[in-house]
Amino acid sequence: LALLPVRPLHAQQAVTEPASQAARDNFSDMRFGLFIHWGVYSLLGDGEWVMYFKKIPYSSYSRLPDAFYPHHFDAKAWVKMAKDAGMKYITITARHHDGFSIFNSKASAYNIMATPYHTDPLAELAKVCKQEGIKLFFYYSLLDWGREDYAYGSPIVNGKPSKGDWDHYIAFMKAQLTELLTNYPDIAGIWFDGEWDRPDVNWHFDEIYALIHKLKPNALIGNNHHHAARAGEDFQMFERDLPGENKSGFSGDASISAALPLETCETMNNSWGFTITDNHYKSVRQVIQLLVNAAGRNANLLLNVGPMANGVIQPEFADTLTAAGKWLARYGSSIYGTRQGFLPPQSWGVTTARAGHQYVHILQNPGVNPLFLPGLPGKLRKAVTYGTELPVKYTLVDKGILLYLDGFGNAGYDNIIDLTFE
Ligand code: H79
């Protein structure tokens, strides 16, 4: 009798068990997070791509760690800022494309312990996040401009290395991810970026994702590869686009995965890493509308700041975030824990839904009064303006509702109608 063929053991081990639905739901419920880009590039004040765009040879760039001493770094201050902004999680760059690890790593000497600071800021941040009930995610670059095994093919590395060692690079990343998931035991997930640099290689994501979920079954995995989500990924992100948009040019291939939590990442100005010349600060109105527009598309907003090398988050960011936090303290239940409401995004705004409520966010004057909303999702019990609880005049019609938008303000983010259903 012939034996039935069996799958080799190593292939079985690589099967990815996704994080639980509850972990994914909790992620969506948070709706607002702080993205932090911080590394030795912050010293140069020209963004995290400075090595690439200024064609800085790796041999020169790698002098930067010797000058990195963030004497004002205060994890408590960062976490407090995030909490005051109404944010529920933080995603910070553990290692960006320049290859510098801002954490204590045995797998690479090019890390924070090689700086005069000689202290792991991620350990401190993880401790404070846990104390304060903020979830912490690590951004992790797949692309590396400096390592020989990666063999980045650009003049910035003093000529293309003659040969890479891809297996070695994959093993290196697994070693670092193991550090990140075990040395910071409460880590909530990994945010990958940079895959688009090498479409020609096998990234071994089956093994990498399986490793992450083996070490921490409910760590959420996202990968900013600009395509539809792949097996083993727990959330889908859109860089500088709301789901369905493609302003960035990155989201063209990213059909929306209805099954997964969504996240839009944007930044407070036009830069990720600290950029001294970038004063294109988003206004409070822009930030709140971005958050509302994301929630109305079923997405979280991961909003970035690039702290200065000294560890300070500039007041132009912090003040706006504080104002957004004041808005959330008042209107948060129309955002946290919601999902896209009964209407898809409209020219005038969006709807969000939670526990018997539909929140109609009027972000700009619809130009018509009354406003017709088609297809109510149930029997309406009452309609009030959110916050004041004053009744909103309405007429139920055959196929929906006419809402009379009388006495509405012009701020563009505080006209919310709370519809309660039986
Ligand atoms: O971490 C932040 C950025 O550094 C990283 N993702 C966010 C969250 C990122 N920025 N850009 N990209 C990823 C893709 C960049 C592609 C390009 Fe280029 C950089 C297009 C033009 C410059 C490299 C050089 C690829 C094509 C030319």
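Kindly evaluate A323 against the criterion of being over 19 Å from E266 (Cα atoms), outside any loop (DSSP other than H, G, I, E, B) and modelled with pLDDT of 95 or more.
The answer is no for A323.
Return yes or no: is P161 in the same structural domain as I212 (by TED's automatic domain parsing), at pLDDT below 95 and within 16 Å of I212 (Cβ to Cβ)?
Considered against the rule, which asks whether it is in the same structural domain as I212 (by TED's automatic domain parsing), at pLDDT below 95 and within 16 Å of I212 (Cβ to Cβ), P161 comes out as no.
Return the pairs, sorted by first residue and then second, in which the second residue is polar (S, T, N, Q) and outside any helix (DSSP H, G or I), the first residue lies in segment 123-145 and is not assigned by TED's automatic domain parsing to the domain that holds M173 and at pLDDT below 95, the beta carbons are less than 6 Å apart, and the residues are 6+ apart or on different chains.
So the pair list comes out empty.
Go through segment 247-284 and give me each residue that's within 21 Å of N304 (Cα to Cα) and more than 14 Å from the ligand (Cβ to nearest atom).
Once the filter is applied, which keeps residues that are within 21 Å of N304 (Cα to Cα) and more than 14 Å from the ligand (Cβ to nearest atom), segment 247-284 yields P261, L262, I276, T277, N279, H280, Y281, K282, S283, V284.
Give me the helices (runs of 4 or more DSSP H) completely within segment 13-108, filtered to those with at least 1 residues that are of a type in the set (V, I, T), ordered by residue number.
50-53, 75-84
Output the strands (runs of 3 or more DSSP E) that fall wholly within segment 339-422 and possess 2 or more residues being surrounded by fewer than 17 Cβ atoms within 10 Å (Cβ to Cβ), or say none.
371-374, 380-385, 394-397, 400-403, 416-421
For the structure I just gave you, tell me whether L64 is more than 16 Å from the ligand (Cβ to nearest atom) and either outside the structural domain of A171 (by TED's automatic domain parsing) or under 20 Å from the mean Cα position of the chain (by Cα) (or both).
no
Looking at the structure I just gave you, is L301 not assigned by TED's automatic domain parsing to the domain that holds T352 and not in a helix (DSSP H, G or I)?
yes
Could you please find all residues in segment 282-317 being among the small types (G, A, S) and surrounded by fewer than 19 Cβ atoms within 10 Å (Cβ to Cβ)?
Within segment 282-317, just S283 meets the criteria.
Just to be sure I understand, how many residues within segment 235-253 are in contact (Cβ under 8 Å) with a residue 12 or more places away in the chain, of a type in the set (S, T, N, Q) and not in a strand (DSSP E or B)?
1
Among the listed residues E124, E148, E132, E207, identify the single one that is away from the ligand (no atom under 16 Å from the Cβ), of a type in the set (D, E) and closer than 16 Å to D98 by Cβ.
Going through E124, E148, E132, E207 in turn, just one is away from the ligand (no atom under 16 Å from the Cβ), of a type in the set (D, E) and closer than 16 Å to D98 by Cβ: E148.
Among the candidates K216, K247, single out the residue that is crowded, with 18+ Cβ neighbours inside 10 Å and out of contact with any strand residue (DSSP E or B) (no Cβ under 8 Å at 6 or more places or on another chain).
K216
Please indicate, with yes or no, whether at least one residue in segment 78-92 is in the same structural domain as T275 (by TED's automatic domain parsing), closer than 18 Å to T115 by Cα and not hydrophobic (A, V, I, L, M, F, W, C).
no
Say whether the condition of being in a loop (DSSP other than H, G, I, E, B) and over 28 Å from V50 (Cβ atoms) is met by at least one residue in segment 268-290.
no
Scanning segment 17-35 for residues that are in contact with a helix residue (DSSP H, G or I) (Cβ under 7 Å, 6 or more places away or on another chain) and under 12 Å from I90 (Cα atoms), which turns out farthest from the ligand (Cβ to nearest atom)?
Taking the candidates together, the pick is R31.
The values are calculated or read from the model by the stated rules, or taken from the named source; none is laboratory data. All of these numbers come straight from a predicted model, not from anything done at the bench. Cβ atoms come from the backbone with ideal geometry, glycine included; neighbour counts cover every protein chain shown.
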